[in-house]
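Asker: Just passing along the structure, written as structure tokens.
The values are calculated or read from the model by the stated rules, or taken from the named source; none is laboratory data. Keep in mind that this is a model prediction, so the values were computed, not measured. All Cβ positions, even for glycine, are placed from backbone atoms using ideal geometry, and neighbour counts span all protein chains on display.
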Amino acid sequence: MDNVFLSKVYEDARTAFIELIDMSGVKVGDVVVIGCSSSEIVGERIGKGSSRDAAKAVCDAVLPIAAERGIFIAAQCCEHLNRALMVEKECAERYGLEIVSVLPQPNAGGSFATECYERFSSPVAVEQISAHAGMDIGLTLIGMHLRRVAVPLRLSVSKIGEATVTFAKTRPKFIGGIRAKYPDGATETNR
């Protein structure tokens, strides 16, 4: 795979992840779910051209930043593993997640989840999570793993490689209607 292309994938993933953290308000101990189709990154249809090189470039970009900022990454697997997630055991324990038994592979789980599994210090698989923010590289449908009120974010990066990338932060839902008051000046209309 072309080193110039992979360098651009790395730079775009790094920029996007930093912006996501900064704009979403994610803090130490929070979870960011990342769905990543390495196939889409390299210009193939999702699930049809898995690329360890592309997955490695994304991992190289995001994992050191997550570690530096004390954020957990939940790497979403593909549909062949029912979009299970690879997380650090510490994350599963902290959030009371049920651990399941499965090992991701490039063609059953995806290259990104496989790469994360191999790099995490104590990796485990879980079936679900309620993440604080998310990064979806290649339209992998991470919404099922976000907290209930997801708010889309527009960042400076809209593609990583050939893959469309979308972002979300989450917030507590507003309850009570028009007479209710909300903390920090928040209103139903200024999310």
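Asker: Considering only region 43-68, state which residues are of a type in the set (Val, Ile, Thr) and either over 16 Å from Asp136 (Cα atoms) or at pLDDT 95 or above (or both). Don't jump to the end; show me each part of the working.
Answerer: So in region 43-68, the residues of a type in the set (Val, Ile, Thr) come out as 46, 58, 62, 65.
Matches in region 43-68: Val58, Val62, Ile65.
Asker: What number of residues in region 124-178 are among the charged types (D, E, K, R), buried (at least 17 other Cβ atoms within 10 Å of the Cβ) and either assigned to a strand (DSSP E or B) or at pLDDT below 95 (or both)?
Answerer: Just the residues of region 124-178 that are among the charged types (D, E, K, R), to begin with: 127, 136, 147-148, 154, 159, 162, 169, 171, 173.
Within this subset, residues satisfying the condition of being buried (at least 17 other Cβ atoms within 10 Å of the Cβ) are 136, 147, 169.
Filter once more, so that each one left must be either assigned to a strand (DSSP E or B) or at pLDDT below 95 (or both): 136, 169.
Looking only at that region, the number is 2.
Asker: For the list (1) within 18 Å of Ala61 (Cα to Cα); (2) in a helix (DSSP H, G or I); (3) not β-branched (Val, Ile, Thr), I need the number of the one condition that Ala75 fails.
Answerer: Only one criterion is unmet by Ala75, namely (2).
Asker: Listed residues Ser50, Ser39; which is of a type in the set (S, T, N, Q), out of contact with any Cys (no Cβ under 7 Å at 6 or more places or on another chain), outside any loop (DSSP other than H, G, I, E, B) and touching a residue at least 60 places away in the same chain (Cβ under 8 Å)?
Answerer: Numbers: Ser50 fails: outside any loop (DSSP other than H, G, I, E, B).
One residue alone meets the criteria, Ser39.
Asker: Looking at (1) at positive phi; (2) surrounded by 21 or more Cβ atoms within 10 Å (Cβ to Cβ), which is the only condition Gly47 fails?
Answerer: The one condition Gly47 does not meet is (2).
Asker: Across region 92-117, which residue is farthest from Ile129 (Cα to Cα) among those that are surrounded by fewer than 23 Cβ atoms within 10 Å (Cβ to Cβ) and of a type in the set (S, T, N, Q)?
Answerer: Residues of region 92-117 that are surrounded by fewer than 23 Cβ atoms within 10 Å (Cβ to Cβ), as a first pass: 92-103, 105-108, 117.
In the following step, the residues that additionally are of a type in the set (S, T, N, Q) were identified as 101, 105, 107.
Values: Ser101: 16, Gln105: 21, Asn107: 23 Å.
Here the residue is Asn107.
Asker: Checking Arg83 against (1) of a type in the set (D, E, K, R); (2) part of a loop (DSSP other than H, G, I, E, B); (3) surrounded by fewer than 16 Cβ atoms within 10 Å (Cβ to Cβ): exactly one of these is not met. Which one?
Answerer: Condition (3) is where Arg83 drops out.
This table checks each residue for (1) crowded, with 23+ Cβ neighbours inside 10 Å; (2) in contact (Cβ under 8 Å) with a residue 60 or more places away in the chain; (3) within 15 Å of Thr140 (Cβ to Cβ).
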| position | (1), (2), (3) |
| --- | --- |
| Gly70 | no, no, no |
| Ala75 | yes, no, yes |
| Glu79 | no, no, yes |
| Glu90 | no, no, no |
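Asker: On to the next question. Using the structure shown, decide if Ala13 is assigned to a helix (DSSP H, G or I), under 21 Å from His145 (Cβ atoms), within 13 Å of the chain's Cα centre (by Cα) and in contact (Cβ under 8 Å) with a residue 12 or more places away in the chain. Can you show your working first?
Answerer: On the way: assigned to a helix (DSSP H, G or I): yes; under 21 Å from His145 (Cβ atoms): yes; within 13 Å of the chain's Cα centre (by Cα): yes; in contact (Cβ under 8 Å) with a residue 12 or more places away in the chain: yes.
The answer is yes for Ala13.
Asker: Mind checking which residues of region 130-144 are of a type outside the set (Gly, Ala, Ser) and more than 17 Å from Ile21 (Cβ to Cβ)?
Answerer: First pass over region 130-144, keeping only residues of a type outside the set (Gly, Ala, Ser): 132, 135-137, 139-142, 144.
Selection gives Leu139, Thr140, Leu141, Met144.
Asker: Of the residues Leu97, Leu139, Leu153, Leu146, which single one is aliphatic (A, V, I, L, M), over 19 Å from Leu63 (Cα atoms) and in contact with a Phe, Trp or Tyr (Cβ under 7 Å, 6 or more places away or on another chain)?
Answerer: Details: Leu97 fails: in contact with a Phe, Trp or Tyr (Cβ under 7 Å, 6 or more places away or on another chain); Leu139 fails: in contact with a Phe, Trp or Tyr (Cβ under 7 Å, 6 or more places away or on another chain); Leu146 fails: in contact with a Phe, Trp or Tyr (Cβ under 7 Å, 6 or more places away or on another chain).
None of the other options fit; the residue is Leu153.
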